[in-house]
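Following: one structure in structure tokens, then a few remarks.
Readers should treat all values here as calculations from the given coordinates under stated rules, not as data from a laboratory. A quick note: this is a predicted structure, and the numbers were derived from the prediction, not measured. Don't worry about glycine lacking a Cβ; one is built from the backbone with ideal geometry, like all the others, and counts go over all protein chains shown.
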Amino acid sequence: MALVELHQLSLDRRLKSVSLSLHEGEMLGLIGPNGSGKTSMLHCLAGIEPYQGSVQFLGQSLQCFDDVERARGIGLLPQGCQSAWSLSVRDIISLGRLAWRDENPQKISDAAKATGVDRWLDQPIDKLSGGEQLRVWLARVLAGEPRVLLADEPLASLDLYFQSSMLSLLRHYAQPASQTLASRSVVVSLHDLSMAARFCDRLCLLNQGEVFALGTPAEVLTKQNLMAVYQVNTRIDLLANPPIISVLD
Amino acid sequence: MIKPTLLPSLVLLLILSILLSLSMGSSEVSVIKGLWEWLTGQETLDAIVIGDIRLPRTLVALLVGAALGISGAALQGLLRNPLADPGLTGASQGAALGAASVFYFGIFPQLGGAAPAVAGLLGAGLAMMLMLFLAGSARQSMVIMAGLAISTVTGALLAMALNFAPNPYAMQELVFWLLGSVANRGFDHIWILLPALFIGGSLVISQRRLLLGLSLGENVASSLGFSTKMGSRILVLGAAILVGTAVSIAGAIGFVGLIVPHLVRPFAKNRPDKVLVPSALAGAILVCLADSLIRSLPPGPELKLGVLTSILGTPLFIWLIWRERRRWL
């Protein structure tokens, strides 16, 4: 079943008739050059940007949900998060529970453990490094346990180890081990195509606000597609472990 | 969780500053005895001095301080800017202009002593409505710009009123009023301040969750299910009611709304939703103590409350700017 279905989604000049569906348990990667519409699409999905066309969430139009219901179902990890105040890590994560109107300590500590920030729960956020902060922002979204998690370029400012651990975490979030939980899915926008090939079930290649290609990594990451969208010549070996996509001169 | 001792300590300080304020004055009277006699309706000297002279002044100082403190905390949270001041919204200047027109044109004669307050509230409300209309979306940068524009216009009109003052006494009265004071205020002022504090405070407190959500920016707040547009309008309206009434009754008492949230914030774990009530209490304490300080000065021309808070507040403000600058270097 599709958790989210986009039909003819348009947003002034940034998105042009985008249609796609997001399946249960799926991790969908949004790729494309700067300005191709990745962030706009995530914002429309999160319901914080007005759009033309339709977005169906759990079989109902997103506009039928009230703001709080929508926020419980769809969580957004935006790009370049910053806290205006020197809040503690615990308080930041508890922000994720605002839509639920509780500060459930169990869910907060679970989210902190999942992202490995539980050591710093009482530290002020501005004392942590950029990469550590990013994990706190993610823990904030995880604490809300959304059905659909949208992450906008979550790998910026992470080192190599945490890049792959961040994506495994999102991967794991889309397919939790426990069968009792409601099905979930993840949409993540990425610039690193090898990482996208390695962790995502399907990829959506955006170009100038339009879907250029949609499908499995092998279908989307072809020399022709990358040449057409990025104007670069590439060498692609998706069978290697990890997959290799390198730019040739 | 905020430090559990914060609210009780503030309440204790508040009681102490009320007692201090009631005991300050030229004649020696017993505070508790006078208060008791006033409450039980006896017409003794102590009862008149405490109940009819010092109590209204103390209460006005408390209410004005509370209004300024909580509105400062709300605006700083909304604009995510620790240097935001209630005056930013144009409400202070609007209130001042409204009250000034009472001195000049003698409007609302039937209201007597409460006329400047009512006119000031109208002026603040009008300025805020113009500001919201100009800002359109109640977005933080637009609120600051529109507030600046409205403050400048009303400031210019106020200067014009001074320019064409009918006589030097009217001008003197207006200038003194603008300097800010809680002297010679009566219970009729309290009956205006009290509901304003209740309504404005409730509007602000009803949006406390939005203030917390806004800590991580408008996108995060919207994605957490808040209607940021509606919520910020409610916050601005609440702040306008608070600031407008406070200014129209006590004149311009600067820096209280700016400084008080800073003093409280470290004790409330920097949470914008948890500084609101403590800021109201701390604002009340601060203005009450400042007014007691003024009354303890040697007799002569009275130092105006607004002048004192500005003189004390400016060094703190400069220090805040310095600290902010270092944070971004």
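Segment B:180-292 holds helices (runs of 4 or more DSSP H) entirely within its bounds, and those carrying 2 or more residues that are away from every other protein chain (no Cβ under 14 Å) map to B:187-206, B:228-250, B:256-264.
The requirement of being among the small types (Gly, Ala, Ser), in contact with a Lys or Arg (Cβ under 6 Å, 6 or more places away or on another chain) and farther than 30 Å from A:Asp192 by Cα is satisfied by A:Ala99. Is it the case that A:Val211 is touching a residue at least 24 places away in the same chain (Cβ under 8 Å) and either farther than 18 Å from A:Glu153 by Cβ or more than 18 Å from the chain's Cα centre (by Cα) (or both)? The answer is yes for A:Val211.
Across segment A:88-143, the qualifying residues are those that are among the aromatic types (Phe, Trp, Tyr) and touching a residue at least 40 places away in the same chain (Cβ under 8 Å), and the one among them that is farthest from the other protein chains (Cβ to nearest Cβ) is A:Trp100. B:Val29 passes every criterion in (1) assigned to a loop (DSSP other than H, G, I, E, B); (2) out of contact with any Ser or Thr (no Cβ under 9 Å at 6 or more places or on another chain) apart from (2). Residues in segment B:272-329 that are more than 20 Å from B:Ala61 (Cβ to Cβ) and among the charged types (D, E, K, R): B:Asp273, B:Lys274, B:Arg323, B:Glu324, B:Arg325, B:Arg326, B:Arg327.
Only one of the numbered conditions (1) closer than 22 Å to A:Ala151 by Cα; (2) in contact with a Leu (Cβ under 8 Å, 6 or more places away or on another chain); (3) part of a helix (DSSP H, G or I) is not met by A:Asn225, and that is (1). Every test in (1) buried (at least 21 other Cβ atoms within 10 Å of the Cβ); (2) not in a helix (DSSP H, G or I) is passed by A:Ser157 save one, and that test is (1).
Results for (1) farther than 21 Å from A:Pro146 by Cβ; (2) in contact with a Lys or Arg (Cβ under 7 Å, 6 or more places away or on another chain); (3) surrounded by fewer than 22 Cβ atoms within 10 Å (Cβ to Cβ), shown as yes or no for each residue.
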position	(1), (2), (3)
A:Gln63	no, no, yes
A:Asp66	no, no, yes
A:Glu69	no, no, yes
A:Leu76	no, no, no
A:Gln82	yes, no, yes
A:Ser86	yes, no, yes
A:Ile92	no, yes, no
A:Ala112	no, no, no
A:Gly131	yes, no, yes
